[in-house]
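Asker: Dropping the structure in here first, questions after.
The values are calculated or read from the model by the stated rules, or taken from the named source; none is laboratory data. Only a predicted model underlies this, so the values are computations on that prediction, with no experimental measurement involved. Here Cβ is always computed from backbone atoms with ideal geometry, including for glycine, and neighbour counts include all displayed protein chains.
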Amino acid sequence: MKSKRLGRQTVALSNPPAVIASANIGGKMEGQGPLKAWFDEWDEDSFFGQKTWEKAESFMQKKALQRALDRAGLSPEQIDYVFAGDLLNQCIGTSFGLREFGIPFYGLYGACSTMGESLALAALAIDGGFAERCAAMTSSHFCTAERQYRMPVPYGSQRTPTAQWTATAAGCAILSDAADDAPRVTYVTCGKIVDKGITDASNMGAAMAPAAYDTLRAFFRETGTAPEDYDRVITGDLGELGHAIVRDFFARDGIDLGENFVDCGLLLYDRTGQDMHAGGSGCGCAASVFNGYILDQLRKGVWKRIVFAPTGALLSPTSSFQGESVPGICHAVRVDA
């Protein structure tokens, strides 16, 4: 069997699966941002009618998956696997949100890189002939993340200038082995754990930027392409500081990422009008932007080829309390219109 591997980290898919349907759900702040028009639904109630914020996050995942299924004209029984996760301990946002669907489930934890990880694994499963249709999805919620990783929201703790706003959002993509005229996942680059010793849990951008640089550098090297070959190179949630760090890393290699290098954390909110400090973050940041704005630009032909590279900070409350550093991870997929 001929190998599909291009190098240590990258795989070229011989039968690229198509994203036949997608959906995204957002909260109040997302509905007030510049990408409001690209949300299927958003709610000013951070509880989404539920009793707790954690139940609200599960509700978002449930709604996103059901909307994507409806849009694809599929039932849960027609999905071979769902690849999904979130930021909560033991991924309860996902497991409780998806338990009623009865779909074979692979729970993932890639922190904020989970949308990239789920897309990559779903695409590999389909290209490998192990599935015909898969769902890839994730979510995050500002209040659940604050309670778990920092301080409960009612405490009113001061946010540092490098802090980012965890998106209250969910996104779901349905991938299929048979579809015409739909964006296709053509390459997958699996990231490595990169740790540069950042210990500030309020500076996710600096912690994740080295991983984004490492993965994107591997992707360009192993595919034999350059940033200018793409309409957009899109990281997940580096925010202002992390985005600038990645740009600087490449500049030191003599590579100008240009104006087409953007970040979901800088696209999702009006950082001045909404006071988002360094920008957006959370699994739902990249997930909602990808399953709304990004796929829409590809479907309309505005963009022909993009690299989508969400990043994650692999920390926990326990590791932070013990003084551990914050390792980063980044998974990249190339999507062609």
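Asker: Return the pair list, or none, for Cβ contacts closer than 7 Å from residues in region 82-100 that are over 16 Å from Met115 (Cα atoms) to residues that are charged (D, E, K, R) and crowded, with 24+ Cβ neighbours inside 10 Å, at least 6 apart or on different chains.
Answerer: Sorted first by the residue in region 82-100, then by its partner, the list stays empty.
Asker: May I pose another question? Given the residues Ile306, Ile329, Ile245, Ile234, which is the only one that is touching a residue at least 12 places away in the same chain (Cβ under 8 Å), surrounded by fewer than 24 Cβ atoms within 10 Å (Cβ to Cβ) and among the β-branched types (Val, Ile, Thr)?
Answerer: Ile245
Asker: Where the second residue is among the β-branched types (Val, Ile, Thr) and at pLDDT 95 or above and the first is assigned to a strand (DSSP E or B) and lies in region 1-27, which pairs have Cβ atoms under 6 Å and are six or more apart or on separate chains?
Answerer: These pairs meet every condition: Arg5/Val11; Thr10/Thr189; Val11/Val188; Ile20/Ile174; Ala21/Ile174.
Asker: Give the residue that is farthest from Gln66 (Cα to Cα), with candidates limited to residues of region 101-141 that are surrounded by 24 or more Cβ atoms within 10 Å (Cβ to Cβ) and among the hydroxyl-bearing types (Ser, Thr, Tyr).
Answerer: If we take residues in region 101-141 being surrounded by 24 or more Cβ atoms within 10 Å (Cβ to Cβ) and among the hydroxyl-bearing types (Ser, Thr, Tyr), then Ser113 is farthest from Gln66 (Cα to Cα).
Asker: Collect the residues in region 101-149 that are assigned to a helix (DSSP H, G or I), of a type in the set (Val, Ile, Thr) and closer than 22 Å to Lys63 by Cα, keeping them in residue-number order.
Answerer: Those that are assigned to a helix (DSSP H, G or I), of a type in the set (Val, Ile, Thr) and closer than 22 Å to Lys63 by Cα: Thr114, Thr144.
Asker: Name the single residue, out of those in region 163-205 being among the β-branched types (Val, Ile, Thr) and touching a Ser or Thr at 6+ places or on another chain (Cβ under 9 Å), that is surrounded by the fewest Cβ atoms within 10 Å (Cβ to Cβ).
Answerer: Once the filter is applied, the top-ranked residue is Thr199.
Asker: Hey, another quick one. Looking at (1) surrounded by 19 or more Cβ atoms within 10 Å (Cβ to Cβ); (2) touching a residue at least 40 places away in the same chain (Cβ under 8 Å), find the lone condition where Phe220 falls short.
Answerer: Of everything listed in (1) surrounded by 19 or more Cβ atoms within 10 Å (Cβ to Cβ); (2) touching a residue at least 40 places away in the same chain (Cβ under 8 Å), Phe220 misses just condition (2).
Asker: Can you give me the ranges of the helices (runs of 4 or more DSSP H) entirely in region 249-337 with at least 3 residues that are among the hydroxyl-bearing types (Ser, Thr, Tyr) and not assigned by TED's automatic domain parsing to the domain that holds Gly110?
Answerer: 317-321
Asker: Then there's this: Take region 163-215 and flag every residue that is under 17 Å from the mean Cα position of the chain (by Cα), polar (S, T, N, Q) and part of a strand (DSSP E or B).
Answerer: Listed by number, the residues that qualify are Thr166, Thr189.
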